[in-house]
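These notes are about the structure you will find just below.
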There are 2 protein chains.
Amino acid sequence: MPRASAADAAETARRVLAVATDLFAERGYAGVALDDVARAARVTRGAVYHHYGSKEGLFLAVADGLQAAVAAHLVAVADDGGPDPRARLRAGSHAFLDAITAPGTARVLLVEAPAVLGWQRWRAQDAEASGVHLTEALADVGVDPALRDALSAQLSGAMNEAALWLAERTDDPAARPAAHAALDRLLDAAVPTP
Amino acid sequence: MPRASAADAAETARRVLAVATDLFAERGYAGVALDDVARAARVTRGAVYHHYGSKEGLFLAVADGLQAAVAAHLVAVADDGGPDPRARLRAGSHAFLDAITAPGTARVLLVEAPAVLGWQRWRAQDAEASGVHLTEALADVGVDPALRDALSAQLSGAMNEAALWLAERTDDPAARPAAHAALDRLLDAAVPTP
DNA sequence: CTCCTTGACGTACGGTGTGTATGTATAACC
DNA sequence: GGTTATACATACACACCGTACGTCAAGGAG
(Lines give C-alpha, C1' and ligand atoms only; values in the text may rest on other atoms or scores of the structure.)
Protein backbone atom coordinates (compact mmCIF):
# COMPACT_ATOMS: atom_id res chain seq x y z
CA MET A 1 0.00 0.00 0.00
CA PRO A 2 2.34 2.71 -1.17
CA ARG A 3 0.75 6.07 -0.38
CA ALA A 4 4.00 7.94 -1.00
CA SER A 5 4.10 11.50 -2.20
CA ALA A 6 7.38 13.03 -3.31
CA ALA A 7 7.84 14.57 0.12
CA ASP A 8 7.05 11.28 1.82
CA ALA A 9 9.59 9.54 -0.35
CA ALA A 10 12.28 12.03 0.57
CA GLU A 11 11.39 11.53 4.20
CA THR A 12 11.72 7.79 3.81
CA ALA A 13 15.13 8.13 2.18
CA ARG A 14 16.25 10.48 4.92
CA ARG A 15 15.03 8.14 7.66
CA VAL A 16 16.79 5.16 6.11
CA LEU A 17 19.99 7.17 5.84
CA ALA A 18 19.83 8.28 9.46
CA VAL A 19 19.19 4.77 10.72
CA ALA A 20 21.97 3.37 8.54
CA THR A 21 24.40 6.00 9.79
CA ASP A 22 23.78 4.94 13.37
CA LEU A 23 23.97 1.23 12.68
CA PHE A 24 27.12 1.37 10.55
CA ALA A 25 28.79 3.48 13.22
CA GLU A 26 27.82 1.00 15.92
CA ARG A 27 28.39 -2.36 14.24
CA GLY A 28 30.45 -1.64 11.16
CA TYR A 29 29.60 -2.47 7.56
CA ALA A 30 29.67 -6.26 7.80
CA GLY A 31 27.86 -6.25 11.11
CA VAL A 32 24.63 -4.76 9.83
CA ALA A 33 22.16 -6.47 7.51
CA LEU A 34 19.98 -4.40 5.22
CA ASP A 35 16.99 -5.96 6.90
CA ASP A 36 18.12 -4.42 10.19
CA VAL A 37 18.22 -1.02 8.53
CA ALA A 38 14.86 -1.55 6.88
CA ARG A 39 13.11 -2.68 10.04
CA ALA A 40 14.56 0.16 12.12
CA ALA A 41 13.33 2.61 9.47
CA ARG A 42 9.91 0.87 9.35
CA VAL A 43 10.16 -0.11 5.69
CA THR A 44 11.28 -3.23 3.83
CA ARG A 45 14.51 -3.94 2.04
CA GLY A 46 12.70 -3.08 -1.17
CA ALA A 47 12.57 0.56 -0.16
CA VAL A 48 16.24 0.59 0.71
CA TYR A 49 17.17 -0.87 -2.68
CA HIS A 50 14.85 1.56 -4.39
CA HIS A 51 16.57 4.59 -2.88
CA TYR A 52 20.18 3.46 -2.66
CA GLY A 53 20.62 0.66 -5.16
CA SER A 54 22.83 -1.57 -3.07
CA LYS A 55 24.32 -1.98 0.37
CA GLU A 56 27.48 -0.32 -0.86
CA GLY A 57 25.42 2.53 -2.29
CA LEU A 58 23.77 3.06 1.07
CA PHE A 59 27.12 3.06 2.81
CA LEU A 60 28.48 5.53 0.29
CA ALA A 61 25.61 7.89 1.04
CA VAL A 62 26.27 7.55 4.75
CA ALA A 63 29.98 8.26 4.31
CA ASP A 64 29.21 11.21 2.05
CA GLY A 65 26.96 12.74 4.65
CA LEU A 66 29.49 12.41 7.43
CA GLN A 67 32.31 13.68 5.29
CA ALA A 68 30.28 16.69 4.22
CA ALA A 69 29.58 17.51 7.85
CA VAL A 70 33.27 17.30 8.72
CA ALA A 71 34.27 19.45 5.76
CA ALA A 72 31.61 22.03 6.57
CA HIS A 73 32.88 22.40 10.11
CA LEU A 74 36.46 22.57 8.92
CA VAL A 75 35.75 25.30 6.39
CA ALA A 76 33.67 27.29 8.84
CA VAL A 77 36.45 27.40 11.41
CA ALA A 78 39.27 28.02 8.96
CA ASP A 79 37.38 30.86 7.38
CA ASP A 80 37.40 32.95 10.50
CA GLY A 81 40.91 31.88 11.46
CA GLY A 82 42.27 35.21 10.26
CA PRO A 83 44.46 35.97 7.29
CA ASP A 84 47.72 34.49 8.59
CA PRO A 85 48.25 31.24 6.64
CA ARG A 86 49.99 29.54 9.53
CA ALA A 87 47.13 30.34 11.87
CA ARG A 88 44.68 29.08 9.28
CA LEU A 89 46.57 25.82 8.92
CA ARG A 90 46.53 25.30 12.67
CA ALA A 91 42.92 26.30 13.11
CA GLY A 92 41.77 24.13 10.26
CA SER A 93 43.70 21.10 11.45
CA HIS A 94 42.38 21.32 14.97
CA ALA A 95 38.88 21.87 13.66
CA PHE A 96 39.22 18.75 11.53
CA LEU A 97 40.33 16.76 14.53
CA ASP A 98 37.40 17.97 16.58
CA ALA A 99 34.88 17.34 13.83
CA ILE A 100 35.97 13.85 12.96
CA THR A 101 35.96 12.72 16.58
CA ALA A 102 32.21 13.32 16.75
CA PRO A 103 30.57 10.16 18.16
CA GLY A 104 30.11 7.73 15.28
CA THR A 105 32.13 9.52 12.66
CA ALA A 106 35.66 8.23 13.00
CA ARG A 107 34.81 4.54 12.71
CA VAL A 108 32.72 4.93 9.58
CA LEU A 109 35.03 7.35 7.79
CA LEU A 110 38.41 6.05 8.88
CA VAL A 111 38.02 2.33 9.48
CA GLU A 112 35.09 1.02 7.46
CA ALA A 113 35.16 3.33 4.46
CA PRO A 114 38.65 2.49 3.16
CA ALA A 115 37.89 -1.23 3.29
CA VAL A 116 34.37 -1.00 1.85
CA LEU A 117 34.96 1.54 -0.88
CA GLY A 118 38.57 0.65 -1.55
CA TRP A 119 41.43 2.81 -0.46
CA GLN A 120 41.80 4.71 -3.70
CA ARG A 121 38.14 5.69 -3.95
CA TRP A 122 38.17 6.67 -0.30
CA ARG A 123 41.34 8.68 -0.71
CA ALA A 124 39.93 10.55 -3.69
CA GLN A 125 36.76 11.37 -1.81
CA ASP A 126 38.66 12.46 1.28
CA ALA A 127 40.97 14.59 -0.80
CA GLU A 128 38.02 16.29 -2.44
CA ALA A 129 36.28 17.00 0.84
CA SER A 130 39.02 18.02 3.27
CA GLY A 131 42.37 17.07 1.76
CA VAL A 132 42.37 19.97 -0.66
CA HIS A 133 42.20 22.43 2.19
CA LEU A 134 45.20 20.86 3.84
CA THR A 135 47.26 20.78 0.66
CA GLU A 136 46.27 24.35 -0.09
CA ALA A 137 47.18 25.49 3.40
CA LEU A 138 50.57 23.82 3.09
CA ALA A 139 51.13 25.65 -0.16
CA ASP A 140 50.14 28.98 1.40
CA VAL A 141 52.59 28.38 4.18
CA GLY A 142 55.44 27.91 1.74
CA VAL A 143 56.07 24.17 1.77
CA ASP A 144 58.42 22.89 -0.92
CA PRO A 145 56.20 21.72 -3.81
CA ALA A 146 58.17 18.52 -4.11
CA LEU A 147 57.24 17.57 -0.57
CA ARG A 148 53.77 19.04 -0.49
CA ASP A 149 51.73 16.03 -1.53
CA ALA A 150 53.72 13.59 0.55
CA LEU A 151 53.55 15.83 3.58
CA SER A 152 49.84 16.41 3.09
CA ALA A 153 49.19 12.69 3.01
CA GLN A 154 51.29 12.04 6.09
CA LEU A 155 49.76 14.86 8.09
CA SER A 156 46.33 13.61 7.08
CA GLY A 157 47.29 10.15 8.28
CA ALA A 158 48.55 11.59 11.55
CA MET A 159 45.28 13.42 12.14
CA ASN A 160 43.19 10.40 11.27
CA GLU A 161 45.13 8.23 13.66
CA ALA A 162 44.86 10.93 16.29
CA ALA A 163 41.10 10.85 15.86
CA LEU A 164 40.92 7.08 16.37
CA TRP A 165 43.32 7.34 19.27
CA LEU A 166 41.07 9.94 20.84
CA ALA A 167 37.92 7.96 20.18
CA GLU A 168 39.27 5.23 22.48
CA ARG A 169 40.04 7.74 25.22
CA THR A 170 36.86 9.70 25.69
CA ASP A 171 37.14 9.22 29.43
CA ASP A 172 40.67 10.59 29.72
CA PRO A 173 40.48 14.40 29.93
CA ALA A 174 44.21 14.73 29.27
CA ALA A 175 44.02 12.90 25.95
CA ARG A 176 42.55 15.65 23.83
CA PRO A 177 45.00 18.37 24.91
CA ALA A 178 47.85 15.93 24.37
CA ALA A 179 46.61 15.08 20.88
CA HIS A 180 46.36 18.73 19.95
CA ALA A 181 49.79 19.47 21.38
CA ALA A 182 51.36 16.59 19.48
CA LEU A 183 49.60 17.71 16.32
CA ASP A 184 51.01 21.21 16.79
CA ARG A 185 54.49 19.80 16.84
CA LEU A 186 53.96 18.01 13.56
CA LEU A 187 52.39 21.08 11.99
CA ASP A 188 55.31 23.22 13.10
CA ALA A 189 57.62 20.75 11.45
CA ALA A 190 55.75 21.17 8.21
CA VAL A 191 56.14 24.94 7.97
CA PRO A 192 59.61 26.15 7.04
CA THR A 193 60.61 27.90 10.25
CA PRO A 194 61.32 31.58 9.65
CA MET B 1 41.42 -40.45 1.54
CA PRO B 2 43.45 -38.62 4.13
CA ARG B 3 46.98 -39.97 3.97
CA ALA B 4 48.31 -37.04 5.96
CA SER B 5 51.38 -37.36 8.11
CA ALA B 6 52.25 -34.59 10.54
CA ALA B 7 54.63 -33.05 8.04
CA ASP B 8 52.04 -33.20 5.28
CA ALA B 9 49.57 -31.41 7.52
CA ALA B 10 52.00 -28.62 8.24
CA GLU B 11 52.62 -28.32 4.53
CA THR B 12 48.89 -28.06 3.89
CA ALA B 13 48.49 -25.35 6.51
CA ARG B 14 51.42 -23.45 5.06
CA ARG B 15 50.07 -23.73 1.52
CA VAL B 16 46.65 -22.52 2.57
CA LEU B 17 48.21 -19.58 4.40
CA ALA B 18 50.32 -18.62 1.41
CA VAL B 19 47.37 -18.76 -0.96
CA ALA B 20 45.19 -16.81 1.44
CA THR B 21 47.84 -14.13 1.82
CA ASP B 22 47.92 -13.59 -1.91
CA LEU B 23 44.16 -13.58 -2.33
CA PHE B 24 43.41 -11.26 0.58
CA ALA B 25 46.07 -8.86 -0.68
CA GLU B 26 44.55 -8.90 -4.16
CA ARG B 27 40.82 -8.84 -3.49
CA GLY B 28 40.45 -7.87 0.14
CA TYR B 29 38.69 -9.82 2.89
CA ALA B 30 35.15 -9.62 1.57
CA GLY B 31 36.25 -10.29 -1.99
CA VAL B 32 37.56 -13.78 -1.36
CA ALA B 33 35.47 -16.83 -0.51
CA LEU B 34 36.97 -19.64 1.51
CA ASP B 35 36.23 -21.93 -1.39
CA ASP B 36 38.54 -19.85 -3.56
CA VAL B 37 41.31 -20.30 -1.03
CA ALA B 38 40.61 -24.01 -0.71
CA ARG B 39 40.59 -24.65 -4.45
CA ALA B 40 43.76 -22.66 -5.02
CA ALA B 41 45.44 -24.70 -2.29
CA ARG B 42 44.02 -27.94 -3.74
CA VAL B 43 42.03 -28.86 -0.64
CA THR B 44 38.42 -28.37 0.45
CA ARG B 45 36.96 -25.86 2.84
CA GLY B 46 37.01 -28.58 5.47
CA ALA B 47 40.79 -28.44 5.59
CA VAL B 48 40.76 -24.68 5.94
CA TYR B 49 38.33 -24.86 8.84
CA HIS B 50 40.35 -27.62 10.43
CA HIS B 51 43.53 -25.55 10.47
CA TYR B 52 42.22 -22.03 11.03
CA GLY B 53 38.79 -22.37 12.61
CA SER B 54 37.06 -19.58 10.73
CA LYS B 55 37.52 -17.10 7.94
CA GLU B 56 38.49 -14.49 10.49
CA GLY B 57 40.97 -16.93 12.01
CA LEU B 58 42.58 -17.45 8.65
CA PHE B 59 42.80 -13.72 8.08
CA LEU B 60 44.31 -13.25 11.51
CA ALA B 61 47.01 -15.77 10.68
CA VAL B 62 47.72 -13.96 7.42
CA ALA B 63 47.95 -10.61 9.17
CA ASP B 64 50.17 -12.07 11.88
CA GLY B 65 52.56 -13.42 9.32
CA LEU B 66 52.86 -10.14 7.46
CA GLN B 67 53.21 -8.15 10.65
CA ALA B 68 55.92 -10.44 11.91
CA ALA B 69 57.84 -9.98 8.66
CA VAL B 70 57.57 -6.21 8.93
CA ALA B 71 58.66 -6.20 12.57
CA ALA B 72 61.58 -8.50 11.84
CA HIS B 73 62.87 -6.20 9.12
CA LEU B 74 62.36 -3.17 11.34
CA VAL B 75 64.28 -4.65 14.23
CA ALA B 76 67.08 -5.90 12.02
CA VAL B 77 67.69 -2.47 10.56
CA ALA B 78 67.30 -0.55 13.80
CA ASP B 79 69.73 -2.85 15.55
CA ASP B 80 72.60 -1.86 13.33
CA GLY B 81 71.58 1.77 13.24
CA GLY B 82 74.28 2.62 15.73
CA PRO B 83 73.97 3.78 19.31
CA ASP B 84 72.65 7.30 18.67
CA PRO B 85 68.93 7.22 19.61
CA ARG B 86 68.03 9.77 17.00
CA ALA B 87 69.72 7.77 14.28
CA ARG B 88 67.96 4.64 15.49
CA LEU B 89 64.60 6.39 15.39
CA ARG B 90 65.21 7.50 11.84
CA ALA B 91 66.62 4.19 10.65
CA GLY B 92 63.78 2.26 12.23
CA SER B 93 61.12 4.51 10.79
CA HIS B 94 62.47 4.33 7.28
CA ALA B 95 62.89 0.60 7.58
CA PHE B 96 59.27 0.29 8.65
CA LEU B 97 58.17 2.31 5.66
CA ASP B 98 60.19 0.15 3.29
CA ALA B 99 58.98 -3.09 4.82
CA ILE B 100 55.30 -2.29 4.87
CA THR B 101 55.29 -1.15 1.26
CA ALA B 102 56.22 -4.66 0.15
CA PRO B 103 53.75 -5.73 -2.57
CA GLY B 104 50.62 -7.02 -0.85
CA THR B 105 51.41 -5.97 2.67
CA ALA B 106 49.97 -2.49 3.02
CA ARG B 107 46.46 -3.34 1.93
CA VAL B 108 46.08 -6.31 4.24
CA LEU B 109 47.67 -4.71 7.28
CA LEU B 110 46.49 -1.13 6.93
CA VAL B 111 43.15 -1.26 5.13
CA GLU B 112 41.54 -4.66 5.68
CA ALA B 113 42.85 -5.56 9.11
CA PRO B 114 41.38 -2.65 11.07
CA ALA B 115 37.94 -3.27 9.58
CA VAL B 116 38.03 -7.07 9.89
CA LEU B 117 39.58 -7.39 13.33
CA GLY B 118 38.23 -4.17 14.75
CA TRP B 119 40.37 -1.13 15.25
CA GLN B 120 41.23 -1.79 18.87
CA ARG B 121 42.37 -5.37 18.32
CA TRP B 122 44.37 -4.24 15.32
CA ARG B 123 45.90 -1.36 17.26
CA ALA B 124 46.92 -3.64 20.10
CA GLN B 125 48.51 -6.09 17.71
CA ASP B 126 50.29 -3.35 15.81
CA ALA B 127 51.52 -1.80 19.04
CA GLU B 128 52.91 -5.14 20.15
CA ALA B 129 54.69 -5.78 16.87
CA SER B 130 56.15 -2.44 15.83
CA GLY B 131 54.51 0.27 17.91
CA VAL B 132 56.56 -0.50 20.99
CA HIS B 133 59.75 0.19 19.11
CA LEU B 134 58.49 3.58 18.04
CA THR B 135 57.29 4.55 21.51
CA GLU B 136 60.55 3.32 22.98
CA ALA B 137 62.58 5.26 20.45
CA LEU B 138 60.63 8.40 21.24
CA ALA B 139 61.37 7.91 24.91
CA ASP B 140 65.07 7.41 24.24
CA VAL B 141 65.12 10.60 22.27
CA GLY B 142 63.70 12.57 25.16
CA VAL B 143 60.11 13.24 24.20
CA ASP B 144 57.91 14.66 26.94
CA PRO B 145 56.11 11.67 28.51
CA ALA B 146 52.80 13.51 28.38
CA LEU B 147 53.05 13.70 24.61
CA ARG B 148 54.77 10.42 23.96
CA ASP B 149 51.76 8.21 23.37
CA ALA B 150 49.89 10.77 21.32
CA LEU B 151 52.94 11.50 19.22
CA SER B 152 53.64 7.83 18.75
CA ALA B 153 50.13 7.25 17.49
CA GLN B 154 50.27 10.18 15.12
CA LEU B 155 53.68 9.30 13.72
CA SER B 156 52.47 5.76 13.25
CA GLY B 157 49.46 7.09 11.37
CA ALA B 158 51.70 9.27 9.24
CA MET B 159 53.88 6.32 8.29
CA ASN B 160 50.92 4.11 7.52
CA GLU B 161 49.41 6.72 5.28
CA ALA B 162 52.78 7.24 3.66
CA ALA B 163 52.88 3.54 2.89
CA LEU B 164 49.47 3.56 1.21
CA TRP B 165 50.37 6.75 -0.60
CA LEU B 166 53.50 5.06 -1.89
CA ALA B 167 51.67 1.90 -2.85
CA GLU B 168 49.65 3.92 -5.36
CA ARG B 169 52.78 5.48 -6.84
CA THR B 170 55.04 2.57 -7.63
CA ASP B 171 55.66 4.01 -11.08
CA ASP B 172 56.75 7.44 -9.85
CA PRO B 173 60.45 7.26 -8.94
CA ALA B 174 60.27 10.61 -7.11
CA ALA B 175 57.58 9.41 -4.74
CA ARG B 176 59.70 7.32 -2.42
CA PRO B 177 62.39 9.95 -1.81
CA ALA B 178 59.68 12.52 -1.21
CA ALA B 179 57.94 10.27 1.30
CA HIS B 180 61.16 9.69 3.18
CA ALA B 181 62.01 13.40 3.15
CA ALA B 182 58.58 14.34 4.45
CA LEU B 183 58.85 11.66 7.12
CA ASP B 184 62.19 13.10 8.21
CA ARG B 185 60.58 16.46 8.76
CA LEU B 186 57.95 14.96 11.02
CA LEU B 187 60.54 12.95 12.90
CA ASP B 188 62.66 16.04 13.43
CA ALA B 189 59.63 17.76 14.86
CA ALA B 190 59.22 14.97 17.35
CA VAL B 191 62.68 15.20 18.86
CA PRO B 192 63.25 18.19 21.12
CA THR B 193 65.83 20.11 19.13
CA PRO B 194 69.04 20.52 21.10
C1' DC C 1 51.61 -57.44 15.18
C1' DT C 2 47.08 -55.79 16.44
C1' DC C 3 44.02 -52.61 18.47
C1' DC C 4 42.38 -48.23 19.00
C1' DT C 5 42.63 -43.55 19.47
C1' DT C 6 43.38 -39.25 17.34
C1' DG C 7 44.40 -36.16 13.77
C1' DA C 8 43.49 -34.56 9.05
C1' DC C 9 40.79 -33.97 6.22
C1' DG C 10 36.07 -34.51 2.82
C1' DT C 11 30.94 -34.25 2.47
C1' DA C 12 26.39 -32.73 3.35
C1' DC C 13 23.27 -29.53 5.18
C1' DG C 14 21.13 -25.43 7.31
C1' DG C 15 21.00 -20.57 7.93
C1' DT C 16 21.74 -15.93 6.71
C1' DG C 17 22.16 -12.21 3.73
C1' DT C 18 22.49 -9.91 -0.92
C1' DG C 19 20.51 -8.81 -5.17
C1' DT C 20 16.84 -9.08 -8.64
C1' DA C 21 12.42 -9.82 -10.76
C1' DT C 22 7.76 -8.96 -10.24
C1' DG C 23 3.51 -7.06 -8.54
C1' DT C 24 0.72 -3.02 -7.17
C1' DA C 25 -1.34 1.10 -5.62
C1' DT C 26 -0.96 5.90 -5.52
C1' DA C 27 0.88 10.36 -7.07
C1' DA C 28 1.80 13.39 -10.85
C1' DC C 29 1.37 15.15 -15.39
C1' DC C 30 -1.36 15.95 -19.50
C1' DG D 1 -9.82 11.34 -16.31
C1' DG D 2 -6.81 8.37 -18.38
C1' DT D 3 -1.90 7.27 -18.54
C1' DT D 4 2.56 6.88 -16.97
C1' DA D 5 5.97 6.80 -13.61
C1' DT D 6 7.17 6.51 -8.85
C1' DA D 7 7.56 4.26 -4.40
C1' DC D 8 7.47 0.84 -2.41
C1' DA D 9 6.27 -4.63 -0.85
C1' DT D 10 6.82 -9.50 -1.96
C1' DA D 11 8.96 -13.59 -3.62
C1' DC D 12 12.73 -15.97 -5.36
C1' DA D 13 17.50 -17.30 -6.82
C1' DC D 14 22.07 -17.49 -5.44
C1' DA D 15 26.40 -17.19 -2.75
C1' DC D 16 28.78 -18.08 1.20
C1' DC D 17 29.71 -19.13 6.09
C1' DG D 18 29.66 -22.38 9.69
C1' DT D 19 28.78 -26.91 11.68
C1' DA D 20 27.73 -31.71 12.13
C1' DC D 21 29.11 -35.91 10.61
C1' DG D 22 31.73 -39.46 8.22
C1' DT D 23 36.16 -41.56 6.92
C1' DC D 24 40.67 -43.22 6.49
C1' DA D 25 45.42 -43.35 7.66
C1' DA D 26 49.15 -42.32 11.25
C1' DG D 27 51.16 -43.32 15.54
C1' DG D 28 51.57 -45.22 19.87
C1' DA D 29 49.91 -48.97 23.68
C1' DG D 30 49.79 -53.63 24.71
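The values are calculated or read from the model by the stated rules, or taken from the named source; none is laboratory data. Computed from a prediction, not measured in an experiment: that's the story for all the values here. Quick reminder, even Gly has a Cβ in these numbers, built from the backbone with ideal geometry, and neighbours come from all protein chains shown. Quick note on the areas: whole protein, heavy atoms, side chains included, nothing else; ligands and nucleic acids left out. Shrake-Rupley method; radii C 1.70, N 1.55, O 1.52, S 1.80 Å.
Miscellaneous remarks
- Listed residues A:54, A:95, A:106: farthest to the positive end of the dipole of segment A:3-121 (Cβ charges): A:54
- For the segment A:175-185, counting C-beta atoms of other chains within 10 Å of every residue's C-beta and taking the mean gives 5.
- A/B buried area, accessible surface, summed, 1.4 Å probe, Å²: 3000 Å²
- The alpha carbon centroids of segment A:129-159 and segment B:115-150 are separated by 24 Å.
- The mean accessible area for residues of segment B:1-53, using a 1.4 Å probe and ignoring ligands and nucleic acids, is 63 Å² per residue.
- Taking 0.36 nm per residue of separation and subtracting the Cα-Cα distance, full extension of the segment from residue A:42 to residue A:132 would add 28.5 nm.
- C-alpha long axis of helix B:175-190 to longest principal axis of chain B, angle in °: 60 degrees
- Angle of helix B:145-167 to the longest C-alpha principal axis of chain B, folded into 0 to 90 degrees and rounded to 10: 60°.
- Calculated label separations, residue B:181, copies of the chain, 7 Å along the beta-carbon direction, nm: 3.3
- Max mean-square fluctuation residue, GNM over chain B, Cα-Cα springs under 10 Å, options B:118, B:92, B:65: B:118
- Inter-copy label distances at residue A:140, shortest first and taken from points set 7 Å along Cα to Cβ: 4.0 nm.
- Averaged over the residues of peptide B:156-168, the number of Cβ atoms from other protein chains lying within 10 Å of each residue's Cβ is 6.
- Angle of helix B:85-100 to the longest C-alpha principal axis of chain B, folded into 0 to 90 degrees and rounded to 10: 30°.
- Other copies of residue B:168: label-to-label distances in nm, shortest first, labels 7 Å along the beta-carbon direction: 2.5
- Heavy-atom accessible area ranking, 1.4 Å probe, most first, across B:50, A:133, B:94: B:50, A:133, B:94
- If R0 equals 41 Å, the separation of the Cβ atoms of residue B:50 and residue B:170 corresponds to a calculated FRET efficiency of about 0.65.
- Within the accessible surface of segment B:1-102, defined with a 1.4 Å probe on protein heavy atoms only, the carbon and sulfur portion equals 57 percent.
- Relative contact order, percent, chain B [alpha-carbon distance under 8 Å, six or more residues apart]: 19 percent
- For residue B:139, net neighbour charge (Lys/Arg +1, Asp/Glu -1) across residues whose Cβ lies under 11 Å away: -3
- Drop in accessible area of at least 50 Å² in the complex versus isolated chain, residues of segment A:98-144, 1.4 Å probe: A:111, A:115, A:119
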